[in-house]
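The structure under discussion appears below in the form of structure tokens.
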Amino acid sequence: DRQTLVAVLQFLRRSNLRESEEILRREARLLGDDLGGSVATVATSSPGVAAVAAVPPGKGEARGGCGIGSSSRQESRKVGNPPSSRTTHSGDVSVGGAVVVEDQPDVSAVLSAYNQQGDPTLYEEYYSGLKHFIECSLDCHRAELSQLFYPLFVHMYLELVYNQHESEAKSFFERFHGDQECYYQDDLRVLSSLTKKEHMKGNETMLDFRTSKFVLRISRDSYQLLKRHLQEKQNNQIWNIVQEHLYIDIFDGMPRSKQQIDAMVGSLAGEAKREANKAKVFFGLLKEPEFDVPLDDEDEEGENEEGKPKKKKPKKDNVGSKSKKQDPNAPPQNRIPLPELKDSDKLDKVMNMKEAARRVRLGPECLPSICFYTFLNAYQGLTAVDITDDSSMIVGGFADSTVRVWSVTPKKLRSVKTAADLSLIDKESDDVLERIMDEKTASELKILYGHSGPVYGTSFSPDRNYLLSCSEDGTVRLWSLQTFTCLVGYKGHNYPVWDTQFSPYGYYFVSGGHDRVARLWATDHYQPLRIFAGHLADVTCTRFHPNSNYIATGSADRTIRLWDVLNGNCVRIFTGHKGPIHSLAFSPNGRFLATGATDGRVLLWDIGHGLMVGELKGHTDTIYALRFSRDGEILASGSMDNTVRLWDAVKAFEDLETDDFTTATGHINLPENSQDLLLGTYMTKSTPVVHLHFTRRNLLLAAGAYSSQ
């Protein structure tokens, strides 16, 4: 067909094979004029862009033919990869082998980023031309194509700065920065301070912006429209940026609406590629070990004395039956090695089951009571809180680098006796565990000294023998709750560590920090076992999945990632928050993840399908705490706006639309109004909420430091 001929003729002309060109033209009865315009563009533009503008779009596109850009398969190919390794998306026609030779010279000639010197005075014209075109396009395409404004604006500005056209850069910035979406304000502030080429070298955020491709998800119709426009206008400068720096994830089907796009965009690198959320995730729970415990007899007697045995019966079954059958979505039991259960752990599990039997069933009609722990006179600046699973101890991390542990039951905190005293104890006696404790040390509060900077994260081990703390000093410390001394300092992060958390099974823990990676550790190793790299900014919070096979990390790049502990791979990337993420919570059944950020929104995610399934609006400030009730009926959120809010989690997750089309294209339809899900709002006088915890009987504990402003 004609397009292929044009491409071949251009190739011959570039290779100076005039005779062959003439013969072919005579054979095909193509006159010189037909090629005039298109060949001229080859001569003037840089070799990397050759002939992109030459081909009129149309039915020849799937063939590949000429230049870098004319194939719709370019979407899934990084410029510079060998063409043979290219993948084709469904719906594309792939033509094997035939094209390979042709586009190799072009790909190899692509110059380094930002070196293509366009005429600096025309940048504003290019941008406003594109802006005019998008604003005048049909409504259905306008929303999708508007996503281009921000990445193009940033790259064109950086290109001007990099090539030292400072005054043009300044006027370009001033003219168009007001058109960008409100959620990019912080990034634009950083950008406005980069006015010289030297500034770009040290700025990590901008380095990332240059090296990672900004992902846009656009329907095929909108993409064809854009491409046709750029090629008719021969707007090479913009087309180059689209080629070099953007990854356009094209899907077949209806274009998305403004609301659907707004829900998903806003992160530092655009949306997640759909491919990123396709891997299988074992989100089910591991089978609970079975015990031979005389659970029932004692319990029944106890209950009878209180005179209300009836409550118990129906619930007994569901506690016992949990461990019977394996969850089909669960990972194999031995997928990652987990520590053996000690006798004390088994006892604790039994206690847990007894408590669970007396647990209150929460719901819209039965909301939990909330007990708020206010830290008064915390002039040291409370920066982190954690509460043990059995709700017996509470720990605070402070800006004066101390870690303080309180007992919240009448039982005081005691250390183990000294070695000399321990040698005198009869090890065979029944109450040996009591005897080793030194009564003289009993107190409600223990202060742990060791860090040399503010403590940003704390976490109790499930067996309550250990405590983790992480700090601005770049270390994570492991403390013994038997002796209240520091056992290990883990050094791996070179910068502040923002969060740390023990695995639900103990032994493993995770930390995340300013160096933009999360690390997985085991208590008995000095070095991390896994390093999870991929975020483009600080890792601000970390959470283990209930089955301990996955770790979720939230970051200041406004994305949440889910990592596989087994191999360190990133298996999910969730975008949609408009500010740094500060809280994460998995639902008790392991299927869903709730995330909170500085934008005051709680987003809900379906882990198996890799989709956003809900948005809870109501908070007016950063959300620092999220917790599901023990059976997952209620989600509690705590924020800097001094409120705790309770949401109906059952209703939020029922009737989810996760059909194949939605998962394939990411067309999510969030309910308009999240107020139907809000069950209650509880104000404190002047205390931001930094931690939430449901006791084993579903009493909600909240904590924060009173602020007098």
Practice problem: List the number of the failed condition for residue 351; all other conditions in (1) in a helix (DSSP H, G or I); (2) modelled with pLDDT under 55 hold. | Solution: (2)
Quiz prompt | Qualifying positions in segment 354-369 - without any contact (Cβ under 8 Å) to a residue 60 or more places away in the chain, open to solvent by 20 Å² or more (accessible area, probe 1.4 Å) and within 16 Å of residue 390 (Cα to Cα) | solution = 354
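Conditions tested, residue by residue: (1) over 21 Å from residue 264 (Cβ atoms); (2) not hydroxyl-bearing (Ser, Thr, Tyr).
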| residue | (1), (2) |
| --- | --- |
| 491 | yes, yes |
| 503 | yes, no |
| 533 | yes, yes |
| 538 | yes, yes |
| 554 | no, yes |
| 561 | no, yes |
| 581 | no, yes |
Quiz item: Could we say that residue 507 is open to solvent by 20 Å² or more (accessible area, probe 1.4 Å), more than 26 Å from residue 598 (Cβ to Cβ), among the hydroxyl-bearing types (Ser, Thr, Tyr) and without any contact (Cβ under 8 Å) to a residue 40 or more places away in the chain here?
Solution: no
Self-check item: Some residue of segment 599-608 being among the aromatic types (Phe, Trp, Tyr), in contact with a strand residue (DSSP E or B) (Cβ under 8 Å, 6 or more places away or on another chain) and open to solvent by 10 Å² or more (accessible area, probe 1.4 Å)
Solution: no
Quiz item: Between a first residue in segment 610-635 that is over 23 Å from residue 271 (Cβ atoms) and a second residue that is basic (Lys, Arg) and assigned to a strand (DSSP E or B), which pairs have beta carbons less than 7 Å apart while being 6 or more apart in sequence or on different chains?
Solution: 618/645; 619/645
Exercise. With respect to residue 337, determine if the residue is loosely packed, with under 14 Cβ neighbours inside 10 Å, under 27 Å from residue 508 (Cβ atoms) and at pLDDT 90 or above.
Key: yes
Quiz prompt | For residue 419: the one exception among (1) closer than 21 Å to residue 702 by Cα; (2) over 40 Å from the mean Cα position of the chain (by Cα) | solution = (1)
Practice problem: Return the total of residues in segment 622-644 being at pLDDT 95 or above and charged (D, E, K, R). | Solution: 1
Quiz item: When segment 471-500 is examined, which residues are found to be in contact with a Gly (Cβ under 8 Å, 6 or more places away or on another chain), in a strand (DSSP E or B) and open to solvent by 40 Å² or more (accessible area, probe 1.4 Å)?
Solution: 477, 486, 491, 498
Quiz item: Out of curiosity, is residue 226 hydrophobic (A, V, I, L, M, F, W, C), surrounded by fewer than 20 Cβ atoms within 10 Å (Cβ to Cβ) and more than 18 Å from the chain's Cα centre (by Cα)?
Solution: no
Self-check item: Top-ranked residue of segment 520-542 - restricted to ones that are open to solvent by 30 Å² or more (accessible area, probe 1.4 Å) and assigned to a strand (DSSP E or B), ranked as nearest to residue 573 (Cα to Cα)
Solution: 533
Quiz item: How many of the residues making up segment 417-459 are among the β-branched types (Val, Ile, Thr), open to solvent by 50 Å² or more (accessible area, probe 1.4 Å) and assigned to a loop (DSSP other than H, G, I, E, B)?
Solution: 1
Quiz item: Which residues, counting only those in segment 569-615, are of a type in the set (Val, Ile, Thr) and not in a strand (DSSP E or B)?
Solution: 598, 607
Exercise. Could you figure out which of (1) free of Cβ contacts under 8 Å to residues at least 60 places away in the same chain; (2) open to solvent by 20 Å² or more (accessible area, probe 1.4 Å) isn't true of residue 593?
Key: (2)
Exercise. Could you check residue 373 against (1) open to solvent by 50 Å² or more (accessible area, probe 1.4 Å); (2) touching a residue at least 40 places away in the same chain (Cβ under 8 Å); (3) assigned to a helix (DSSP H, G or I) and say which number it fails?
Key: (3)
Quiz item: For segment 386-404, how many residues meet the condition of being open to solvent by less than 10 Å² (accessible area, probe 1.4 Å), under 17 Å from residue 700 (Cα atoms) and either small (Gly, Ala, Ser) or not in a strand (DSSP E or B) (or both)?
Solution: 1
Self-check item: Single residue of 172, 133, 149 found to be part of a helix (DSSP H, G or I) and open to solvent by less than 10 Å² (accessible area, probe 1.4 Å)
Solution: 172
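The values are calculated or read from the model by the stated rules, or taken from the named source; none is laboratory data. None of these values were measured; they are calculated from a predicted model. With ideal geometry, Cβ positions are generated from the backbone for all residues, glycine too; neighbour counts draw on all protein chains shown. Ligands, DNA and RNA are stripped out before the accessible areas are found, and what is left, the full protein with its side chains, is counted by its heavy atoms. Shrake-Rupley method; radii C 1.70, N 1.55, O 1.52, S 1.80 Å.
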